[in-house]
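The values are calculated or read from the model by the stated rules, or taken from the named source; none is laboratory data. This is a predicted model, so every value here is computed, not measured. Here the Cβ is made from the backbone with ideal geometry for all residues, glycine too, and neighbour counts use every protein chain on show. Side chains included, ligands, DNA and RNA excluded: accessible areas come from the protein's heavy atoms. Shrake-Rupley method; radii C 1.70, N 1.55, O 1.52, S 1.80 Å.
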Amino acid sequence: MTIAGKINALVISIAVAAGCILTATVLLLGYSSAREQIIKQSANLVQSQPQLQVAIYLKDFNELRATLQDILQSSPAIVYAIARDQTGLELNRAEQADMQEYESTAFADIRGNTSVVETSLTPRRGSFSGGTAGALNLPGSELVWDLTVPVLSVVNPLDENLDREMLGAALASARSASSLHVVGYVQIGISRSQLLKGLVPTVLVVMGVAMAFILLCSVFSRHMARRITAPFAVIKRMADDISSGAAVQTRGLESSGEFKEVVALLNTIIAGLNTYKTRMDVDHQLLSMKVEERTSQLSKRNEELSEAVKQVTETKDRLRKLAYYDSLTGLPNRRLFTEQLDLLLRLGRRNKEMLALLFLDLDNFKRINDSLGHSSGDLLLREVAKRLARCVRNSDVIAHYVEPGSQIDVSRLGGDEFTVVLNQLDSIDSAGMVAQRLLDTLTQPITIEGHDLVVTPSIGIAVAQADGTETVEGLLKAADTAMYHAKSSGKNKFMFYSSDMDAAGVERLKLENELRKALENKGLALHYQVQVDTLTGTVTGAEALMRWPHDELGMVPPFKFIPLAEEMGLIGAVGEWGLEEACRQMVELQSLGLDLPKVSVNVSALQFTRSFIRHVSETLATTGLRPRRLQLELTEGIMMDNKEDIVRALNDLKEQGVQLSIDDFGTGYSSLSYLSRFPLDELKIDRSFVIDFDKSQNDASLVTAIIAMARSMRLHLVAEGVETREQYHFLRNNGASIIQGYLFSKPVPFEELKALLAPGYFKEQIDELNAR
């Protein structure tokens with residue numbers, strides 16, 4: 001379609017839409033006005049017929065029919081009129097001559113909820129013929145408005161034996177009557193199609209006006225479209241001029257200033273293109289000259305490339321040097337370390353000098369990586385490297401024991417392992433003093449991404465004597481062995497290597513293998529220590545404690561094999577087994593009818609991960625143990641992280657119904673902030689405070705403060721490690737009623753636990769304690 005055609009179609013469409021809207025508006029307003037007028041006219045006509053009151057009362061059917069005929073003839077839109085008594089019973093009717101009998105509707109449905117003295121108007125549909133639906137050929141059933149007008153009279157329709165004269169007298173005195181009565185109703189049917197038929201002339205006039213308006217708009221649009229689109233033919237000629245490269249003429253556009261400007265612009269562009277073509281020809285010639293010039297420059301470039309090859313060779317040499325240094329910390333790496341150590345050992349043998357190797361490993365570094373991320377761990381390693389280098393090379397103590405010019409160096413072997421080499425030592429004590437200086441330096445807090453971290457090292461020291469029998473591998477192994485002994489002895493310390501450690505190392509390796517087999521063969525066991533409510537004498541819970549029955553070593557306590565499991569990476573499997581076994585045995589107690597409200601299971605900081613949370617849910621579902629009967633005892637190290645994922649994990653456990661407890665409260669980096677933020681249920685007072693309450697006033701005050709704090713925060717409280725009557729009375733007097741310790745029972749196997757759950761088992765013992 002052309003542009004002119006589109007403009008004509010748009011204008012005509014708008015005109016047609018406007019005509020339709022005008023016609024519909026006139027029709028709607030006319031229909032509403034005609035309906036209201038006939039309703040008002042019919043109601044007035046009924047109320048103005050005094051003889052209608054007498055005819056309804058006397059049931060004068062002839063009079064009624066004559067009156068109804070008058071109403072029917074008052075408007076062609078009225079298709080029927082019906083007279084009814086005050087109960088709605090039909091007395092007589094009048095209908096249009098060409099109208100068939102319609103389906104009657106109950107009078108109560110017609111009136112609806114309208115008051116008896118009010119006029120009602122109810123629409124309904126029915127099948128009609130003649131002058132109704134056929135009048136305008138409306139499809140479907142015809143819509144008729146049922147108008148019911150009450151007939152009011154001074155005569156009470158319930159009064160009997162009144163003749164026409166008496167009624168006439170009553171009507172004559174209507175002005176003096178104090179009240180009116182409804183003697184009947186007149187139902188008038190108003191046809192919608194007849195109302196619309198009366199509006200046909202008006203609608204036709206409006207439609208004629210609309211058609212005239214549409215025609216006028218069509219003529220005007222066609223004229224304007226021709227004027228608007230006339231320049232496009234000229235533009236086409238201009239396009240032909242442009243394609244041929246000739247100047248554009250303004251033929252047919254002399255009267256249009258805008259098109260004159262366009263023509264001038266196009267002519268400018270064409271002239272510019274011709275100029276550009278000429279310039280391109282010149283540039284082509286210049287390019288040929290440049291090619292010749294570049295050819296001479298290439299020979300010079302060859303010389304420059306030769307120089308670049310030389311520089312690359314030197315760079316490779318520098319890269320080879322970089323291969324000897326750690327990219328993260330800038331310290332010598334293992335390769336350079338071994339070469340330096342080998343050289344120093346040979347020099348020591350030649351000069352009969354003593355040399356010491358310090359092997360450092362950061363304690364719990366993996367937890368920092370897991371908690372804060374590897375980027376934070378890398379920043380921590382860089383700061384540790386700086387402190388080690390600064391401490392060793394600027395140490396006044398070392399300067400006192402080592403001659404000037406001695407070789408002292410720090411290296412990073414990998415991960416969180418560092419080495420310090422000291423040569424030309426005059427005594428072994430100087431190496432110990434350096435190690436102590438390293439410990440003091442590293443224990444100072446380090447701020448990493450807003451977190452104040454305290455990292456401690458375990459240091460192993462191996463000394464190469466003047467006899468020179470040591471090798472690089474042997475010295476490194478000896479220092480590594482001493483470091484592991486320092487770590488297993490409590491960490492944050494240094495130890496010198498001795499030959500006895502080799503046997504201990506073999507024993508440790510053997511213990512690691514046997515622990516792995518014990519886990520695979522289910523060789524571990526759980527012992528339970530009950531928690532007794534001293535107010536009622538009942539057992540409120542039991543703590544599940546891990547035990548390892550060993551064929552040769554006997555019962556291995558957890559403080560020996562739990563750290564070993566953490567170092568071996570088995571703590572997750574050990575913890576999961578302990579959780580499953582404790583839940584299974586709790587269900588077994590319930591099946592035996594023994595009441596144990598809850599069982600407490602210890603959770604290692606290395607074990608507390610998202611997979612562990614899922615495992616708790618799976619274990620509860622598998623064993624069928626109710627979540628509220630399981631309590632997880634968490635260390636303060638877990639709470640220290642205070643990360644959003646830790647908070648979400650604890651909230652997930654609480655939503656499952658699992659109870660949460662803080663174990664050994666007060667021994668770590670306690671903070672009131674995590675007590676208020678985390679969804680905890682219980683605090684456990686560490687046994688060290690309970691044991692030393694009578695030896696240290698600070699410990700006694702601390703226990704009292706913890707009890708008061710737990711009460712104020714509505715947390716349950718358990719005091720563990722209670723062994724004496726004095727400890728018992730101290731805790732009872734200060735409000736701690738839940739006791740766990742050897743005073744009531746040591747940790748016992750599962751079978752022995754059953755006897756302790758008998759009702760009132762500890763009642764007699766508690767009464768005896770309270771009596772003293």
Being modelled with pLDDT of 85 or more and within 16 Å of Leu143 (Cα to Cα) narrows it down to one of Ala77, Ala83, so name that one. Ala77
What number goes with the only condition from (1) under 60 Å from the mean Cα position of the chain (by Cα); (2) surrounded by fewer than 14 Cβ atoms within 10 Å (Cβ to Cβ); (3) not hydrophobic (A, V, I, L, M, F, W, C) that Asp98 does not pass? (1)
Any idea which residue in the stretch 349-390 is most open to solvent (accessible area, probe 1.4 Å), counting only those that are more than 16 Å from Glu417 (Cβ to Cβ) and part of a strand (DSSP E or B)? Met354
Cβ contacts < 6 Å: first residue at positive phi, restricted to the stretch 617-629; second residue open to solvent by 40 Å² or more (accessible area, probe 1.4 Å), any location; separation 6+ or different chain. Result? Gly624/Val587
Filter result (surrounded by 17 or more Cβ atoms within 10 Å (Cβ to Cβ), at pLDDT 90 or above and among the small types (Gly, Ala, Ser)) within the stretch 584-608: Ser600
So for the stretch 40-55 (the condition being over 25 Å from Thr122 (Cβ atoms) and in contact with a Gly (Cβ under 8 Å, 6 or more places away or on another chain)), does at least one residue qualify? yes
So, of the residues in the stretch 712-759 that are of a type in the set (Lys, Arg) and assigned to a loop (DSSP other than H, G, I, E, B), which turns out to be surrounded by the most Cβ atoms within 10 Å (Cβ to Cβ)? Lys746
Testing Ile706 on (1) within 26 Å of Glu768 (Cα to Cα); (2) modelled with pLDDT of 85 or more; (3) of a type in the set (Val, Ile, Thr), one condition comes back false. Which one is that? (1)
So Glu644 clears everything in (1) charged (D, E, K, R); (2) out of contact with any Lys or Arg (no Cβ under 9 Å at 6 or more places or on another chain); (3) at pLDDT 80 or above except one condition, right? Which one? (3)
Here are Arg93, Arg65: which of them is modelled with pLDDT of 80 or more, assigned to a helix (DSSP H, G or I), open to solvent by 20 Å² or more (accessible area, probe 1.4 Å) and of a type outside the set (Gly, Ala, Ser)? Arg65
Are any residues in the stretch 33-62 loosely packed, with under 15 Cβ neighbours inside 10 Å and modelled with pLDDT of 85 or more, and if so, which ones? Ser33, Glu36, Gln37, Lys40, Gln41, Asn44, Phe61, Asn62
Among the listed residues Leu171, Leu204, Leu216, Leu158, identify the single one that is at pLDDT below 85, open to solvent by 70 Å² or more (accessible area, probe 1.4 Å) and not in a strand (DSSP E or B). Leu158
